[in-house]
Every structure is written in C-alpha cells, then in structure tokens.
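**Q** Before we start, here is the structure in question, set down as structure tokens.
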Amino acid sequence: MSGVVPKVLLLLLSMSAADLATAAQPVGRRAVELTFLKSNPGQRERLKTFIELNWFAMDRIAQEQGLMSDYTVMDTGTDEGAWNILVSVTYMDEKGYDGIVEAFERIRRAHTTVLVDGKGFRDLGSIVESKRVFEGPGGAKPAPMLP
C-alpha cells in the first residue's frame with residue numbers, strides 16, 4: 001500500500017497543467033445554454049409561438065443532425081419581472097453552440113423567418129441575458145416509476 005502513494009504522486013507530477021485540467025473535467029459534460037427573454041406587454045404567448053416556429057424549427061434540424069440533444073421553452077405565466085420566458089438548449093458536449101456554429105449557420109441561412117400575426121422577434125420581445133451552464137455526466141435522470 002505504501003508504494004501506491006509515491007506512484008500516484010509521481011504520475012501527478014509528470015502531468016502537464018493541461019492534462020490536469022482535462023482530468024479534472026467530468027466525462028460527458030454537456031453545455032446547456034439558457035436564454036432569458038422578456039416579452040413585450042401582452043406578447044408572451046406570441047413570443048413563445050415565434051420561438052417554436054423559428055428557433056425550434058432550426059433546433060429540430062440540428063437535433064436530427066446530432067448537433068444538440070434537447071431544447072425547451074418555459075414561461076413564468078406573467079408579463080411581470082425582468083424576464084418571463086426561458087429557452088433551454090442542451091448540446092452534445094461542453095462546447096455548446098461554439099462547437100456547432102458552422103453547421104448551425106447553414107441551417108439558419110436555409111430558414112425563412114415565420115412571422116406571428118405579422119410580427120417579428122423585435123416586435124414580440126427581447127433577449128435579457130444568456131448563460132451557459134454544464135450538465136453533469138449522464139445528463140438528466142428519468143424519474144423513478146411508481147408501482
């Protein structure tokens with residue numbers, strides 16, 4: 001047992017800083033991009049529809065191409081607050097959008113914007129903030145089934 005500790009220390013000392021940083025990162029870590037939006041007054045449902053018809057139309061193609069694993073839209077149920085809609089996109093790895101930018105831009109160029117009641121994104125709301133967070137290894141776990 002006493003010979004193991006010196007061997008581990010020797011291994012750690014022989015690793016570069018980059019090796020140590022890579023070793024410290026969890027395997028299978030995926031980026032989740034959170035986009036916080038604020039709808040214009042009375043436009044929350046239309047903004048969600050715009051997201052479905054445009055953002056998620058492109059995300060569906062990206063998902064089919066294996067570029068991202070999941071996307072969803074949620075809302076606070078009110079027009080109040082600094083933000084009231086949250087879009088979450090889960091990518092295949094920790095690079096997130098940065099890792100698929102070229103492929104996704106091809107999808108974006110092929111997409112024709114669908115207006116909602118004649119309104120575009122800026123008529124319906126705005127992006128308040130975006131955050132990248134990281135999911136742990138294995139992603140979300142399904143809820144256990146009750147007997």
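**Q** Give me a comma-separated list of calculated 3J(HN,Hα) values for region 103-108, in order, Karplus coefficients 6.51, -1.76, 1.60 applied at θ = phi - 60°, integers in Hz, x for any Gly or Pro.
**A** Taking θ as phi minus 60°, the curve returns 5, 6, 5, 5, 5, 4 Hz for region 103-108.
**Q** Checking the cross-link filter: which aspartates and glutamates have an alpha carbon closer than 14 Å to that of Lys38, excluding same-chain neighbours under 8 positions apart?
**A** Straight-line reach from Lys38, under 14 Å: Asp75, Asp79, Glu80, Asp123, Glu129.
**Q** With a ≥ b ≥ c taken as the square roots of the eigenvalues of the C-alpha gyration tensor of region 27-134, please select rounded if a/c is under 1.5 and otherwise prolate if a/b is larger than b/c or oblate if it is not?
**A** Oblate.
**Q** Would you pull out the residues with amide H under 5 Å of Val128's amide H, same chain only if 5 or more places away, H placed 1.01 Å from N?
**A** Phe36, Leu37, Lys38
**Q** Okay, moving on. In whole percent, what relative contact order does region 27-134 give with Cα contacts below 8 Å and a gap of six or more residues?
**A** Reported as a whole number, the value is 50 percent.
Laboratory data are not the source of any read-out in this text; all were calculated from the coordinates shown. All of these numbers come straight from a predicted model, not from anything done at the bench.
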